[in-house]
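Some notes on the structure that comes next.
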Amino acid sequence: VERNPFPKRGRPAAMWTPVSSRLVRAFLEEPGRAWKLVELVHATGASLGQASNVARRLIEEGYVADTARRLRLIQPAPLLEAWQADYSLAQHRRMAYYSFEQDPARLMARLADVASAQGLRYAVTSFAGAWLVAPFVHGVSTVQWYIEEADTARWVEALDLRPVEAGPNALALIPRDAGVFYRARAVNEVMVVCNI
């Protein structure tokens, strides 16, 4: 048949589906917070059913405790390690470019200017983001940032980017899920993904 007539309902098959990982990100970003389920829904954009299923799974696996109808993360390090073992930047679509702006700091400043002028959403990630958050990171040669797919052409034109097969110094990433923008914040006027 074209479709499974007996779809599996209830708990998600994997903790790291796009929406599931939004909830995990919320718990890890505020490890001391006691969440109501509805607060998780509002913070992450997940449906109530999905949030309930993921919360149940996190409780079953011992990462989260449910006390007085509030969910609290009790095993942050093991949860982060489990997510890290499953996570890969390869899950996002990468578009490799060459930018004539050779200085990563100036390229990131241009990202901020373009986003501000055109109302585009973005968040710098990987080593470039780490360098902004922790300036002792050295050797940043490529700027990677998440963008919305519909804005690709606007970014390419505004930054005068050239597609390349090898040796890019600019990588635009189309995220598998918009959860990567959760709690992005400005560092030196450049939007950076959350620390988690």
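The values are calculated or read from the model by the stated rules, or taken from the named source; none is laboratory data. All values derive from a computational prediction rather than experimental measurement. Methodologically, a virtual Cβ is constructed for each residue, glycine included, from the backbone with ideal geometry; neighbour enumeration extends over all protein chains shown. Please note that ligands, DNA and RNA were not included when accessible areas were found on the heavy atoms of the full protein model with its side chains. Shrake-Rupley method; radii C 1.70, N 1.55, O 1.52, S 1.80 Å.
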Quiz item: Could we say that residue 157 is at negative phi, part of a helix (DSSP H, G or I) and either open to solvent by 70 Å² or more (accessible area, probe 1.4 Å) or among the β-branched types (Val, Ile, Thr) (or both) here?
Solution: yes
Self-check item: Residues within region 75-125 that are assigned to a loop (DSSP other than H, G, I, E, B) and among the charged types (D, E, K, R), tallied
Solution: 3
Quiz item: Which one is farthest from residue 158 (Cα to Cα), of the residues in region 100-136 that are surrounded by fewer than 21 Cβ atoms within 10 Å (Cβ to Cβ) and hydroxyl-bearing (Ser, Thr, Tyr)?
Solution: 126
Quiz item: Regarding residue 146, is this residue within 19 Å of residue 179 (Cα to Cα), in contact with a Ser or Thr (Cβ under 9 Å, 6 or more places away or on another chain) and not hydrophobic (A, V, I, L, M, F, W, C)?
Solution: yes
Practice problem: Of the conditions (1) in contact with a Lys or Arg (Cβ under 8 Å, 6 or more places away or on another chain); (2) at pLDDT 90 or above, residue 91 clears all except one; give me its number. | Solution: (2)
Quiz item: Is there any pair linking a residue in region 163-176 that is β-branched (Val, Ile, Thr) and part of a strand (DSSP E or B) to one that is open to solvent by less than 30 Å² (accessible area, probe 1.4 Å) and at pLDDT below 95, with Cβ under 9 Å and at least six apart or on different chains, and which?
Solution: 174/92
